[in-house]
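Okay, structure first, notes after.
Every read-out reported here was derived from the displayed coordinates using simple, explicitly stated rules and does not represent laboratory data. None of these values were measured; they are calculated from a predicted model. As a convention, Cβ positions derive from the backbone with ideal geometry for all residues, glycine included, and neighbour counts pool all protein chains shown.
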Amino acid sequence: MIDPANAIDFARSSFSSSPEIVVEAPGRINYIGEHTDYNGGLALPVAIDRGISMVITKSSQGSKIRAISQSQSTLVEVGLDDVVRMDSFEGWSRYLLGAVKVLLDEGFALRGADIAISSDLPLGSGLSSSAALLLAVIFGLSLHNGLDLPRDRVVELAHRAESSYSGANVGYLDHFAIGYATPNRATLIDFATMKYHSCEMPFSDLIVVDSNVHHSISAGGYGKRRLECELAAKTLNHRFISEATLEEAQSLEDLDLRRRAMHVISENERVRSVARAFDDGKTGASYLVESHESLRDQFQVSCAETDLIVESVLRAGAEGARMVGGGFGGSCIVVGGDFEALEAVVSNDFASRGFSQPTLFRAGLSGVLRQVH
Ligand code: GLA
């Protein structure tokens, strides 16, 4: 659970100052609609009760940004005038300072700040830890500097920071999912129009299985898929592959392009089906399994560990499961089934395949980006 008290204690012990602004930014589960955001498609994410708490205080060091995180060993300490050439920063400081940079680029005069971060979101697990960090920093600095940025500006700048400085040209899914989250409701997003609305979900928590295969989205696979989708759309004379029909997709000669297009078009249809199921108070769990199979066979972004999780939990009595996020590792979500029974089967199956043990936890669906103090 996101715990601001933890970040406040951490800020006090790290900077010996009293917190002025405290914000929290949740992680997200994308219930369904994977790799559709940069294809003008549909997605249905929900924010969770795990995430980032961040404390900001006026800097005791003039116009410096100092930042420390409980999950990172390095202290970031940079003068605001030196946040210029981003290639001199790497790792988590690049994310953090990327958020500062987009605000400076907009012409905002920023004051120095001491920033303390605590997080219970596993990194690289497909639960949007990086987007949560960027949203927290931009939202927090907006409050700290009296900028009063409207929510859509915070979301847009967080996306700009991530796509400019993470090394991957990511879509808007994570920033929308977190920035516009409503507790206990999913957000149905149409990336062709950038319109969204919240919808009721027939449950208040989900089981997450983190494969502990942690991916880096900048590793290449994500960018390659994006290019393939763009090429498929161009070949069929569409702006986005989501505008094509299944028949058009089937006409693509190149097998890889055909597979990518088939995934995106069928995934959009599954999002529509799940949204209708939610309206009827149902989980639409079977569509999750279809989504996973399509991500595995057509979009080819799953891995042996996430495939095994889905196979194991279904055998152990789950109604539905699928990998979430960019893929090549990360987490799966599970609908239905008994937690202990699922854990026993998954753990046993992982041991017999010689994989490192995964981590199971229940995620409450109550996350929201907000100022706590
Ligand atoms: C990552 C990206 C998102 C989205 C998903 C796949 O999480 O950051 O923009 O493309 O992968 O659905």
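Could you list the trypsin sites (Lys or Arg not before Pro) in segment 256-350 that lie in coil according to DSSP, counting only those with at most 13 other Cβ atoms within 10 Å of their Cβ?
Answer in residue order: K282.
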Next item on the list: Working from Cα positions, state the angle (0 to 90°, nearest 10) between the long axis of helix 304-315 and the longest principal axis of the chain.
Entry: 60
Next item on the list: Could you name the lysines whose alpha carbon sits less than 24 Å from that of K101, not counting residues in the same chain fewer than 8 places away?
Entry: K58, K64
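What does the charge count near L149 come to, summing +1 for each Lys or Arg and -1 for each Asp or Glu among other residues with Cβ under 12 Å from its Cβ?
-2
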Margin query: If you filter segment 60-131 for trypsin sites (Lys or Arg not before Pro), then keep DSSP loop positions with at most 12 other Cβ within 10 Å, what is left?
Written below: R85
Note to self: Which residue fluctuates most in the GNM of the chain (Cα springs below 10 Å): G167, G317, G354?
What the structure shows: G354
Notebook entry, point to check: Where in segment 26-61 are there trypsin sites (Lys or Arg not before Pro) that are in a DSSP coil and have at most 13 other Cβ atoms within 10 angstrom of their Cβ?
Noted result: none
Margin query: Can you tally the net charge around L227? Count Lys and Arg as +1, Asp and Glu as -1, for every other residue whose Cβ sits under 11 Å from the Cβ of L227.
Written below: +2
Checklist line | With at most 13 neighbouring Cβ atoms within 10 Å, loop GluC sites (Glu not before Pro) (DSSP) excluded, longest segment of the chain | finding: 107-252
Check: Along segment 125-134, what does the Karplus equation 6.51 cos²θ - 1.76 cosθ + 1.60 (θ = phi - 60°) give for ³J(HN,Hα), rounded to whole Hz, x for Gly and Pro?
Finding: 10, x, 10, 6, 4, 6, 5, 4, 4, 5
Next item on the list: State whether segment 1-73 is rounded, prolate or oblate according to the following rule on the C-alpha gyration tensor (a ≥ b ≥ c being the square roots of its eigenvalues): a/c under 1.5 gives rounded; otherwise a/b larger than b/c gives prolate, and the remaining case gives oblate.
Entry: prolate
Note to self: Please list, short to long, the whole-number percent of alpha-carbon pairs of the chain in consecutive 10 angstrom bins beginning at zero.
What the structure shows: 5, 25, 32, 24, 11, 2, 0
Next item on the list: Could you run the Debye sum over the Cα atoms of segment 205-348, one equal point scatterer each and no solvent, and tell me log10 of I(q)/I(0) at q = 0.12, 0.13, 0.14, 0.20 Å⁻¹, two decimals?
Entry: -0.53, -0.62, -0.70, -1.17
Next item on the list: Using just the helices of the chain, give the 222 nm mean residue ellipticity in deg cm²/dmol: DSSP H runs with n ≥ 4 each add -39,500 (n - 2.57), and the total is spread over all residues, rounded to 500.
Entry: -13000 deg cm²/dmol
Margin query: Counting C-alpha atoms alone, how compact is segment 144-295: give Rg to one decimal and Dmax as a whole number, in angstrom.
Written below: 17.4, 55
Margin query: Quick check: the angle from helix 4-15's long axis to the longest principal axis of the chain, C-alpha only, nearest 10 degrees?
Written below: 40
